[in-house]
Amino acid sequence: MSQPVVTRIAPSPTGDPHVGTAYQALYNSVFARQHGGKFVVRLEDTDRNRYNAASEGRILDMLDWLAGAWSGIEPDASPRREDEFGPYIQSQRAGMHRQYAEQLLESGAAYRAFDTPEELDERRKAAEARKDSHLGYDRRDRALSREESDRRAAAGEAFVIRLAAPLEGETVVRDRLRGDVVFQNADLDDKVLLKRDGFPTYHLAAMVDDHLMNVTHVIRAEEWLTSTPIHKLILAGLGWNEPEWIHTPWLLSAGGKKYSKRRGDPSVEDFRRMGILPEALLNYLGMMGWSMPNGEEVFSPDDMVQHFTWERVSLGGSTFDVTKLKWLNGKYIREVLTPDMVAARLQAFRDEYDSAPAVPNDASFQAVVAMMLPRFETLAEFWEKTPYFFSETYTVTDKAQKLIEDGRELLPSVRAALEALPNFAHDTTEAALRTLAETLGLKPGKIMQPLRAAVAGTSESPGMFEMLEAMGKERVLARIDRVLA
């Protein structure tokens, strides 16, 4: 009987959750669900210089938010859902990592190096000055006898444990998407496995944890492909089998470079604050490097589970286009969610991100939502475009102010015509204002533009007559009075 599929993501808690973390979580969870397997989240926090304690919670909160759209991305095991293979925070496993570093040392697959950081920096600068093509560790402590190494360690001299990479031959990585990738061993570095502070590096910790957690498929970003020969050597040194390696294509920013929060590309939290729906973000990430058999652009992760194959993954790298993500989000707002669902999402978004008073989710609010549906692509954009519906303290744009001044002499007649109406239904206000324009010998726009500016404080709004009906006679007349005053 074959081993059950186990996949994992192992993000580092160093800042806001990266879009790449969500991307890898989607691929790993889709593949695990497709095979009835297990999806694990492990936090790789051994880089103590860049570690950010708050980031741990934000990464897990991001996955909870995405799981609100698709439960399949909720991990089966994580720091919030421990099982017998935990703990799932890497630093809490440091004792295990040291144990296996010692095992590699005993077998001769690794060695102690006693160089100080200052010595390493000096030698690196010298290598750069002579334009040395190999700027890795110069391996000088690799020649130490085991007796000398043990003596210096017993005397309390600080050291790291380094991998003893082979100096000749080749290491072949079999990647599911790329086939056999050949690395020349002469180009490999003797990577640090255990640091001077006793913490493991990612290379050692990830391989130990993957093995102990029964990970069968390592699905991760393409940038890790060049580290895979090191990981193979660590596994071989410990006598363990390899997982299947699958390195997914780059996510690229609009400029063609790797998508990176360090270069200012938006994080998942940025998109959440923008009012991107988790359904739309998962859908868009699913389009990065993979496509549905019939080319559908709107699909769910469940659709991915049904149709996903690695053969349909493109290796060219995919550009993450924020404009297209917003467009797709707009399609979800208009075509996938019901108006009632959109209204509820808008309410929840305002409660989370806006300090303004709550707006009741009543019939009048739902009418505004229905009216605005063709006019916004994100939840934030709705609230940015509609302040005049819900408050009397909204900004009047410069363009609107000019329209008011240009049409000020017409507003008293407009007000009188509206005040005389028996109701403020769409058809009633339209007929009255068109009749007024005809009586004054004007095109309807000459009346509508200053009225819109006076009522909404902007030259852009939904249909005039729908807006008047939604706002009601009393509020419309009051705003005209305020402008005239």
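Applying 1/(1 + (r/R0)^6) with R0 = 45 Å to the Cβ-Cβ distance of GLU148 and ARG80, what FRET efficiency is obtained, to the nearest 0.05? Display every interim value, and only then the final one.
Details: r = 47 Å, r/R0 = 1.04.
Once rounded, the FRET efficiency stands at 0.45.
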*Determine the distance separating the Cα centre of the stretch 136-211 from the Cα centre of the stretch 240-315; give it in Å without decimals.*
33 Å
_Keeping every protein chain present and rolling a 1.4 Å probe, give me the accessible area per residue for the stretch 94-164 in Å²._
59 Å²
*What do you reckon, how do HIS97, HIS35 stack up by accessible area (1.4 Å probe), largest on top?*
HIS35, HIS97
_So, R0 is 56 Å and r is the distance between the beta-carbons of ALA129 and GLU296; what FRET efficiency does that work out to, to 0.05?_
0.50
*Could you work out how far apart the two model spin labels at ALA478 and THR435 are, taking each label as a point 7 Å from the Cα in the direction of the beta carbon, and quote it in nm?*
2.7 nm
*Once both axes come from the Cα atoms, what is the angle between helix 473-484 and the longest principal axis of the chain, in degrees from 0 to 90, rounded to 10?*
90 degrees
*asked:* Give the separation of the Cα centroids, the stretch 432-468 to the stretch 364-427, in Å.
replied: 10 Å
*Would you mind getting the accessible area per residue of the stretch 296-445, heavy atoms of the protein chains only, 1.4 Å probe, in Å²?*
54 Å²
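Please work out the Cα convex hull volume for the stretch 1-97 and give it in Å³ per residue. Provide the component values of the computation, followed by the final result.
Numbers: hull volume 10.0 nm³, N = 97.
About 103 Å³ per residue, rounded to a whole number.
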*To the nearest 10 degrees, how steeply does helix 53-67 sit against the main Cα axis of the chain, on a 0 to 90 scale?*
60 degrees
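Carbon and sulfur: what percent of the chain's accessible surface (1.4 Å probe)? Before the final figure, lay out each step's value.
Values: 11070 of 22530 Å².
With neighbouring chains kept in place, the figure for the chain is 49 percent.
The values are calculated or read from the model by the stated rules, or taken from the named source; none is laboratory data. Computed from a predicted model, the values in this text were never measured in an experiment. No Cβ is skipped: glycine too gets one built from the backbone with ideal geometry, and neighbour counts run over all protein chains shown. Ligands, DNA and RNA are stripped out before the accessible areas are found, and what is left, the full protein with its side chains, is counted by its heavy atoms. Shrake-Rupley method; radii C 1.70, N 1.55, O 1.52, S 1.80 Å.
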